[in-house]
Amino acid sequence: MKSSNPSARRRSGFIPARHANLVMPFLLSVLMTCVVSLISTLRGVGFTSRLFDLWPSAWGLSWLVAFPTLLLVLPLVKKLTALLIDQG
(Lines give C-alpha, C1' and ligand atoms only; values in the text may rest on other atoms or scores of the structure.)
Protein backbone atom coordinates (compact mmCIF):
# COMPACT_ATOMS: atom_id res chain seq x y z
CA MET A 1 0.00 0.00 0.00
CA LYS A 2 1.39 3.37 -1.02
CA SER A 3 1.57 6.23 1.41
CA SER A 4 -0.41 9.34 0.51
CA ASN A 5 1.94 11.49 2.55
CA PRO A 6 4.06 13.54 0.08
CA SER A 7 6.95 13.79 2.52
CA ALA A 8 7.12 9.99 2.69
CA ARG A 9 7.80 9.73 -1.07
CA ARG A 10 11.31 9.03 -2.18
CA ARG A 11 13.04 11.98 -3.78
CA SER A 12 14.45 11.32 -7.23
CA GLY A 13 17.38 13.73 -7.08
CA PHE A 14 19.80 15.22 -4.62
CA ILE A 15 20.55 18.56 -6.29
CA PRO A 16 18.02 21.33 -5.62
CA ALA A 17 15.92 22.36 -8.65
CA ARG A 18 17.29 25.92 -8.49
CA HIS A 19 20.62 24.57 -9.80
CA ALA A 20 19.13 23.09 -12.99
CA ASN A 21 20.45 26.02 -15.03
CA LEU A 22 24.00 24.88 -14.19
CA VAL A 23 23.52 21.10 -14.03
CA MET A 24 22.02 20.79 -17.52
CA PRO A 25 24.86 22.65 -19.32
CA PHE A 26 27.41 20.80 -17.19
CA LEU A 27 26.07 17.37 -18.17
CA LEU A 28 25.58 18.40 -21.79
CA SER A 29 29.14 19.72 -22.05
CA VAL A 30 30.61 16.60 -20.42
CA LEU A 31 28.78 14.23 -22.76
CA MET A 32 29.26 16.20 -25.97
CA THR A 33 32.96 16.93 -25.44
CA CYS A 34 33.54 13.31 -24.49
CA VAL A 35 32.08 12.07 -27.78
CA VAL A 36 33.56 14.79 -30.00
CA SER A 37 37.06 14.59 -28.51
CA LEU A 38 37.03 10.79 -28.81
CA ILE A 39 36.07 10.99 -32.48
CA SER A 40 38.65 13.70 -33.14
CA THR A 41 41.42 11.84 -31.34
CA LEU A 42 40.47 8.58 -33.04
CA ARG A 43 40.63 10.30 -36.41
CA GLY A 44 43.99 11.85 -35.59
CA VAL A 45 45.87 8.82 -34.25
CA GLY A 46 43.67 5.89 -35.26
CA PHE A 47 42.60 3.02 -33.06
CA THR A 48 45.96 2.43 -31.39
CA SER A 49 47.19 2.10 -27.84
CA ARG A 50 47.98 5.85 -27.91
CA LEU A 51 44.28 6.66 -28.29
CA PHE A 52 43.52 6.16 -24.59
CA ASP A 53 46.68 8.02 -23.57
CA LEU A 54 45.79 11.10 -25.63
CA TRP A 55 42.02 11.19 -25.38
CA PRO A 56 41.62 12.21 -21.69
CA SER A 57 43.73 15.34 -22.10
CA ALA A 58 41.92 16.21 -25.35
CA TRP A 59 38.60 15.77 -23.56
CA GLY A 60 39.69 17.85 -20.56
CA LEU A 61 40.84 20.76 -22.69
CA SER A 62 37.72 20.70 -24.83
CA TRP A 63 35.50 20.58 -21.74
CA LEU A 64 37.31 23.56 -20.19
CA VAL A 65 36.37 25.57 -23.27
CA ALA A 66 32.90 24.09 -23.86
CA PHE A 67 31.34 24.48 -20.40
CA PRO A 68 31.88 28.25 -20.00
CA THR A 69 30.97 28.76 -23.66
CA LEU A 70 27.74 26.85 -23.15
CA LEU A 71 26.90 28.95 -20.09
CA LEU A 72 27.43 32.11 -22.12
CA VAL A 73 25.50 31.12 -25.25
CA LEU A 74 22.63 29.17 -23.66
CA PRO A 75 20.44 32.26 -23.07
CA LEU A 76 20.85 33.22 -26.74
CA VAL A 77 20.07 29.68 -27.86
CA LYS A 78 16.92 29.67 -25.72
CA LYS A 79 15.76 32.96 -27.31
CA LEU A 80 16.49 31.70 -30.83
CA THR A 81 14.66 28.46 -30.09
CA ALA A 82 11.63 30.41 -28.86
CA LEU A 83 11.64 32.39 -32.13
CA LEU A 84 11.77 29.21 -34.23
CA ILE A 85 9.18 27.14 -32.35
CA ASP A 86 5.49 27.61 -33.10
CA GLN A 87 3.84 28.40 -29.78
CA GLY A 88 0.33 27.92 -31.23
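The values are calculated or read from the model by the stated rules, or taken from the named source; none is laboratory data. The structure displayed is predicted, hence computed values, not measured ones. Here the Cβ is made from the backbone with ideal geometry for all residues, glycine too, and neighbour counts use every protein chain on show. To get the accessible areas, we keep the full protein, side chains included, count just its heavy atoms, and leave off ligands, DNA and RNA. Shrake-Rupley method; radii C 1.70, N 1.55, O 1.52, S 1.80 Å.
Here is the list for the range 14-88: chymotrypsin sites (Phe, Trp or Tyr not before Pro) lying in DSSP coil, each with at most 14 other C-beta atoms within 10 angstrom of its C-beta, are Phe14, Phe47.
Given a cut-off of under 8 Å on Cα pairs at least six residues apart, what relative contact order in percent is computed for the chain? Relative contact order comes out at 31 percent. Principal-axis analysis of the Cα atoms of the chain puts helix 51-84 at an angle of about 50° to the longest axis. Remark: the range 9-51 carries 85 Å² of accessible area per residue (probe radius 1.4 Å; ligands, DNA and RNA excluded).
Compared with the dominant Cα axis of the chain, that is its longest principal axis, helix 20-45 is turned about 20°.
Using C-alpha positions alone, give me the convex hull volume of the range 21-63 per residue in cubic angstrom.
Working: hull volume 2.2 nm³, N = 43.
Per-residue hull volume (Cα only) is 51 Å³.
Ranked by solvent-accessible area (1.4 Å probe, protein heavy atoms only, all chains present), the residues Thr33, Thr48 order from largest to smallest as Thr48, Thr33.
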